[in-house]
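Participant: Pasting a structure below so you can have a look.
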Amino acid sequence: MTQSLKKLKENLSKTIVGKDEAIRLILVALLSGGHALLEDVPGVGKTLLAKSLAKSINGKFQRIQCTPDLLPTDVTGTNIWNPSTREFEFLPGPVFANVLLTDEINRATPRTQSALLEVMEEKQVTVDGEARMVPMPFFVIATQNPIEYQGTFPLPEAQMDRFALSFSLGYPSATEELQMLQQQKNHVDVEQLQPCISLEEVIDLRNQVNFVRVEQRVQEYIVRLVRASRQHQDIVLGVSPRGTVTLQKAACALAFLDNRDYVIEDDVKELAPYVLAHRLIPAPGRKAKNVVANLLASVNIS
C-alpha cells in the first residue's frame, strides 16, 4: 500500500469504527473509477463514510435526499434568468461535486434516476443542449434501504450496472458497538477531520491502478465466471459485458491496495459478490449473493 493510501485509510478509521472491510471496499470503488451502492438500514454510518471520504481527499461534498418529487434539474442544475444581465445563467446542481451522496436513490422517480445515469457514466450533464463536465475525481455513493419498499422505484438494470460495487456496512459487532460508546468522548467529529491527500493524488492513484498487470489466465477466469452467470438455471438475467470489465478494474484496484502490481485469482473471488450480485436477476426464490457463491464454487480457477 502506498503512503497516500495508508494515510487515507487511517484517516477514515478515525471516524468510522470497526468498518475496515467497508473502508477497503469503498477505496476499491474509488480507485477503480466506479461508484458504490450501499444497501443498508438507517443509522449504520453511510453518510458518515461519504463525508469522511470527501474531507480526507479535500474534495467538495454534496448530498441529495431523493424523494418522489425530486426533479432532474434539482440534480443537474438549471439555467435561470438574471434580470441585471438580461441573460440566462447556469445554476449548478449538487452533482457538481467530488463526492456525491445520493441518499435513498430508489425513492427518486425513473426520470430523475436517468439524469443521474448520464453523469455517472459520462461525467457530464446536459442542460438545454449544452454539456457540462463535473469536477474530477467524481465519485457517487448511493444508498437504498433494503427493508422499506413503499413509495420506491426499483433501479433499472441499466442504472444498477453503473455501480462498480454494491455492499452493506451492516450492524457493528457487540465489541465494536461497545468501543463506539467508550470512544464517544474522544471521538473525532467528521467536521474536525483534516485532509490527508489531495484530489490530484487521487487521480494519480487511479492512473497507477491502470498499470496493474492481469495475466491471461486470470482474465479467462473472469470470463468463465461471467459467462456462467448467463447460463445458470437460477439466474434470469446474467452479468453484462460491462460487469466483466468492471470486475477486472476492481480486481486491479484491490491488488494495488494490497501493494501488488499484478492481480491474482483470489482478488477476483473476493470481489465477485460485490461486483456481480447486483448486476444479475436471480430466479424467483433465489438470492443473488447465494447464486454468486454457487458460481464461485462451480467455476474452476484454471
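We did not get these values from a lab; they are worked out from the coordinates using the rules stated. Predicted model, so just to flag it, every value in this text is computed and none were measured. All Cβ positions, even for glycine, are placed from backbone atoms using ideal geometry, and neighbour counts span all protein chains on display.
Participant: What Kirkwood hydrodynamic radius, in Å, does the chain give when the mean of 1/r is taken over all pairs of distinct Cα atoms and then inverted?
Facilitator: 20.3 Å
Participant: Please get the size of the charge dipole for the stretch 212-302, origin at its Cα centre, with Cβ charges of +1 on Lys and Arg and -1 on Asp and Glu, quoted in debye to the nearest 20.
Facilitator: Its charge dipole is roughly 400 debye.
Participant: On a full-extension model of 0.36 nm per residue, what is the gain between ALA174 and THR152, subtracting their alpha-carbon distance, rounded to one decimal in nm?
Facilitator: The span from ALA174 to THR152 would gain 4.7 nm if fully extended.
Participant: Could you work out the equivalent-ellipsoid semi-axes for the stretch 104-200, taking the square root of 5 times each eigenvalue of the Cα gyration tensor, largest first, in whole Å?
Facilitator: 32, 22, 11
Participant: Using the Cα centre of the chain as origin and beta-carbon charges of +1 (Lys, Arg) and -1 (Asp, Glu), tell me which of HIS232, LEU116, ILE105 is placed farthest towards the positive end of the dipole.
Facilitator: Result: HIS232, furthest along the dipole toward the positive end.
Participant: May I ask you to list the GluC sites (Glu not before Pro) in the stretch 193-302 that are in a DSSP loop and have at most 13 other Cβ atoms within 10 Å of their Cβ?
Facilitator: GLU215
Participant: Right, something else. Distance in nm between label sites at GLN65 and ALA293, each 7 Å beyond Cα in the beta-carbon direction?
Facilitator: About 3.7 nm, to one decimal.
Participant: Now a separate question. Give the residues of the stretch 260-302 whose amide nitrogen is closer than 18 Å to a point set 7 Å from the Cα of GLU220 in the direction of its Cβ.
Facilitator: Once the point is set 7 Å along Cα→Cβ of GLU220, 263-269, 298-302 turn out to lie under 18 Å by backbone N, inside the stretch 260-302.
Participant: What's the longest bit of the chain with no exposed trypsin sites (Lys or Arg not before Pro), using DSSP loop states and at most 12 other Cβ atoms within 10 Å as the test?
Facilitator: 87-184
Participant: Another one. For the stretch 212-302, what does the convex hull of the Cα positions come to per residue, in cubic angstrom?
Facilitator: 77 Å³
Participant: Quick one: work out the % antiparallel among DSSP beta bridges in the chain, nearest 5.
Facilitator: Approximately 40 percent, going by the DSSP bridge assignments.
Participant: Moving on. Counting Lys and Arg as +1 and Asp and Glu as -1, each charge on the Cβ, what is the dipole of the chain about the Cα centre in debye, to the nearest 20?
Facilitator: With only Lys, Arg, Asp and Glu charged at Cβ, the dipole is about 440 debye.
Participant: Roughly what would the spin-label model give for ILE281 and THR85, points 7 Å off Cα along C-beta, in nm?
Facilitator: 4.7 nm
Participant: Rank PRO42, ILE222, ILE203 by how far each Cα sits towards the positive end of the charge dipole of the chain (+1 on Lys, Arg Cβ; -1 on Asp, Glu Cβ) and give me just the farthest.
Facilitator: ILE222
Participant: Going by amide H atoms built from the backbone, whose H comes under 5 Å of the H on VAL140, apart from near neighbours?
Facilitator: Answer set, sorted by chain and number: ALA36, LEU100.
Participant: While we're looking at this one, here's another question. Please list, in chain and number order, the residues 5+ apart from ASN79 or on another chain whose amide H is under 5 Å from its amide H, with Hs placed from the backbone.
Facilitator: When sequence neighbours closer than 5 places are left aside, the close amide H contacts are LEU91.
Participant: If you stretched the chain out fully between PHE211 and THR126, how much longer would it get, using 0.36 nm times the residue separation minus the C-alpha to C-alpha distance?
Facilitator: 27.4 nm
Participant: Here's another thing I want to ask about it. What length, rounded to one decimal in nm, is gained on full extension from LEU181 through to ARG230, with 0.36 nm per residue of separation minus their alpha-carbon distance?
Facilitator: Between LEU181 and ARG230, full extension yields an extra 13.0 nm.
Participant: Could you tell me the extents of the stretch 15-158's C-alpha atoms along the three principal axes, largest first, rounded to whole Å?
Facilitator: Projected onto its principal axes, the Cα set of the stretch 15-158 covers 55, 37, 26 Å.
Participant: A follow-up question, please. Per DSSP helix of 4 or more residues, -39500 (n - 2.57); summed, then divided by the residues of the chain. What does that give at 222 nm, rounded to the nearest 500?
Facilitator: Estimated from H runs of four or more residues: -13500 deg cm²/dmol.
Participant: Can you run phi through the Karplus equation (6.51, -1.76, 1.60; θ = phi - 60°) for the stretch 199-205 and list ³J(HN,Hα) in whole Hz, with x for Gly and Pro?
Facilitator: Result, ordered by residue: 4, 5, 5, 4, 5, 5, 5 Hz.
Participant: Separate question: Sequence neighbours fewer than 8 away in the same chain don't count; with that in mind, list the lysines whose C-alpha is under 26 Å from LYS9.
Facilitator: By straight Cα distance, LYS9 reaches LYS19, LYS46, LYS51, LYS55, LYS60, LYS123, LYS185, LYS249, LYS269.
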